[in-house]
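To start, the structure under review is shown below, and the notes come after it.
The values are calculated or read from the model by the stated rules, or taken from the named source; none is laboratory data. As the structure is a prediction and not an experimental result, all values here were calculated from the model. Neighbour counts run over all protein chains shown; Cβ positions are idealised from the backbone, glycine included.
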Amino acid sequence: MSLLSNTTALLGKELRTEFRSRELLTTTVVFILVVVVLFSFTFDPTSAESRRFAASLLWLAFLFAASLMLQPCFLREQTNDTLSALRLCINDPFAIFAAKLVANTLFLLLTELLMLPVFSILFNVPVFPVFGQLVLVLFLGSLGVSIAGTALSAISAQARMRELLLPLLLLPLLTPVLVASTRVTVGLLDAAPFMEWKGIGFLVIFDAVFLTALWLFGEYLLEE
Amino acid sequence: MTPAACPAGMRFENIEKRYGGLYALRRVSLEIAAGECVVLAGRNGSGKTTLLRIAARLVRPSSGSITFLDSKKVTIAEASQTGFVAHATMVYDELTAEENLLLFARLLGIAEPASRAETLLGEVGLTGRRSSLVRTFSRGMRQRMAIARALLNEPAVLLLDEPATGLDPQGVTWLAETLRRMRDAGRTILMSLHGESEISALATRAIRLEAGSVLADTQSGGSLASILTFAGA
Amino acid sequence: MKKHILGGAIVLFLLVAAAYGALYVAPTERTMGTIQRIFYLHVPSAWTGLTAFFICFIANLLYVVRRQPRWDWLGVSAAEVGLTFTTVVLVTGPIWAHPVWGMWWTWDARLTSTFVLWLLYVAYLLLRTLVEEPDRRALFSALFGIFAFIDVPLVFGSIRWWRTQHPQPVVMGGTGSGLDPTMWRVLLFSWLAMLSLMTLLMLARYGVEAMRADLDLVRQEAEAA
């Protein structure tokens, strides 16, 4: 009934639905693999410089994967008009967004963590020494992607050409996330790893700003 | 939301709904008394669905207001609850019958969600299929899920938008039986239907909408049959 | 009608005066020579574009809260005009850069951020073409417009931080590279001229949108009858 309990109940539903079929997770992981392999053909993956490119390509792959993975977010609530059912039961519609963005962050993070060892092997990049910091930047970056992506998928679900529209709206908006996350990751994967706290700061600000915007304007996104 | 204690009536005052320049509803004013069973008739596009969705609080009217009244026609202070059944089932295909009702019961803040879900599954005759995914249900069974969901919080007013669509004759009979039970128990019902059927026979009143306005109302004269079977129904 | 002609004449006068100022009044810049004069077109265009986008942002907020169609009309007018000025920035940047640095595009922080800004508002306009129902279109584009505008400082900030890692040619010199007082005057006057052009264009576009809405209304009522 409260925002927290509604969010928890809905989060349970999102997780249960996904882990039952695992279709989003598997297709996203495979997509990232395909993108990574294809990207590797466009530069010399074994050179010393490849470490820097590797971080960039990792984040690009995550962003593209996310913009596809987020499509069904609100689309699946349209099949049986379950969105109306939710709106009827819930006082604060922000619970719907909160549950979905937490679920999406978890799914993204899970696919990213699954990809890390693969990535480490393919590009000969040591990830375990900086694992904790990597998880931090992956988490903050994925959170930013989820917040913006969940909000925009509510819009794209009701527009034409939604498969193209969501990336078109989402990717420019996520520029700060891409810039900051990549910089931090490049620093962490460097031969002498270092932590770019400024980048973390940017991510925190982005996440806070957009979470607030979603909290303020979310209910309008769900209006009929 | 806490369950409503008793059925309530509804008063629609000058309800108007515009989409861009198109009027879906033009200044509709109606009063439905507690316990009435009202059928909304009208062609496609006459505004039935819009009126019902506004009553369910899913759509905000461009202007006008809705108030809920108790049996003495006194305005009830806090907003009463409505239960809404549409053509879409509004339940999750990927969850079981039980999981669906549990989820919605929790969201509604019902005190003992598990037992309430249990009760409703029994009422709609789906106890045997509680652990089956709704995806495997027939149209008739899905409609029962929809009714169960709508009744979770014991709504004061039950709103149904063409509930018999896609149901086979057995399904229609079951629905008519269920609605009859509710009507006899005193629950207020407002539903939109096409033409005459077992279900429309339950009505105590019929209202015809045309192009967003009230064309005819049995309350102000006219028989049920004539309103339901208006040329073009 | 007379008002429009008068308004147009004033704007034209201001623009011609600003052009004159840029070409003849402003002193020639020491290192770059004549090509630097495009500065008086480039910088005020950037400022005017941002002003237009700010107006769009306010219109978007007002629409979400009030739901009056005129805020939607103002929003789309401001976005289109802002996009036009932003395009001028993106075109004049390389025109300046090429003779001076030998490259068309240097991924300079401000120009790159302007490119992202341009993409955001192109997305805004594309979104509008993909939502058919007018009220829904207005609401969704207003909400996206709000998200886009609050993103702008983050975009500029993060890209500037990114580029400080790789210093390279900055278009038009960095900020605070010291402007001669006459240059400042010409610059500010150019901005004034551009703002007047912006206002004229926005008013014209607003008028078109209002007429289009009226037309749609008439058409819908005719179809309904």
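Checking every residue in region B:43-58 against the condition of being at pLDDT 90 or above and part of a strand (DSSP E or B) gives zero matches. Tell me which residues, restricted to region A:1-36, are of a type in the set (Val, Ile, Thr) and either exposed (fewer than 12 other Cβ atoms within 10 Å of the Cβ) or closer than 26 Å to A:Phe74 by Cα (or both). Matches in region A:1-36: A:Thr7, A:Thr8, A:Thr17, A:Thr26, A:Thr27, A:Thr28, A:Val29, A:Val30, A:Ile32, A:Val34, A:Val35. A single entry from C:Leu62, C:Leu6, C:Leu90, C:Leu111 fulfils the requirement of being surrounded by fewer than 17 Cβ atoms within 10 Å (Cβ to Cβ) and assigned to a helix (DSSP H, G or I): C:Leu6.
Of everything in region A:141-162, what is of a type in the set (A, V, I, L, M, F, W, C) and either over 10 Å from C:Leu130 (Cβ atoms) or surrounded by fewer than 24 Cβ atoms within 10 Å (Cβ to Cβ) (or both)? Give them in sequence order.
A:Leu143, A:Val145, A:Ile147, A:Ala148, A:Ala151, A:Leu152, A:Ala154, A:Ala157, A:Ala159, A:Met161
Results for (1) buried (at least 21 other Cβ atoms within 10 Å of the Cβ); (2) touching a Ser or Thr at 6+ places or on another chain (Cβ under 6 Å); (3) farther than 24 Å from B:Thr49 by Cβ, shown as yes or no for each residue.
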site	(1), (2), (3)
B:Leu102	yes, no, yes
B:Thr119	no, no, yes
B:Arg129	no, no, yes
B:Arg142	yes, yes, no
B:Ala150	yes, no, no
B:Pro163	yes, no, no
B:Gly166	no, no, no
B:Arg187	yes, no, no
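Where helices (runs of 4 or more DSSP H) fall entirely within region B:115-233, those with at least 1 residues that are modelled with pLDDT of 90 or more and under 23 Å from B:Phe84 (Cβ atoms) are at B:139-151, B:169-184. Which of the residues spanning region C:28-53 are under 21 Å from C:Phe115 (Cα atoms) and aliphatic (A, V, I, L, M)? Across region C:28-53, the qualifying residues are C:Ile38, C:Leu41, C:Val43, C:Ala46, C:Leu50, C:Ala52.
The residue list B:Asp184, B:Asp168 contains one member that is in contact (Cβ under 8 Å) with a residue 24 or more places away in the chain and either in contact with an Asp or Glu (Cβ under 6 Å, 6 or more places away or on another chain) or of a type outside the set (Val, Ile, Thr) (or both), which is B:Asp168.
Taking residues in region A:105-132 that are without any contact (Cβ under 8 Å) to a residue 24 or more places away in the chain, and partners anywhere that are in a loop (DSSP other than H, G, I, E, B), the pairs with Cβ atoms closer than 7 Å and at least 6 places apart or on different chains are A:Leu116/A:Val127; A:Ser120/A:Pro126; A:Ser120/A:Val127. Criterion first (closer than 21 Å to A:Val137 by Cβ and either over 20 Å from the mean Cα position of the chain (by Cα) or touching a residue at least 40 places away in the same chain (Cβ under 8 Å) (or both)) does A:Ala54 satisfy it? It is true that A:Ala54 is closer than 21 Å to A:Val137 by Cβ and either over 20 Å from the mean Cα position of the chain (by Cα) or touching a residue at least 40 places away in the same chain (Cβ under 8 Å) (or both). List pairs: first in region C:111-139 and within 14 Å of chain B (Cβ to nearest Cβ), second in a helix (DSSP H, G or I) and aromatic (Phe, Trp, Tyr), Cβ under 7 Å, 6+ apart or cross-chain? Partner pairs satisfying both residue conditions: C:Val131/C:Phe140; C:Ala138/C:Tyr63; C:Leu139/A:Tyr220. Among the residues of region A:87-121, those identified as at pLDDT below 95 and either within 13 Å of another protein chain (Cβ to nearest Cβ) or touching a Pro at 6+ places or on another chain (Cβ under 8 Å) (or both) are A:Arg87, A:Leu88, A:Cys89, A:Ile90, A:Asn91, A:Asp92, A:Pro93, A:Ser120. Against the test of being in contact with a Leu (Cβ under 9 Å, 6 or more places away or on another chain) and modelled with pLDDT under 95, the options C:Ala26, C:Ala59, C:Ala52 yield a single qualifying residue, C:Ala26.
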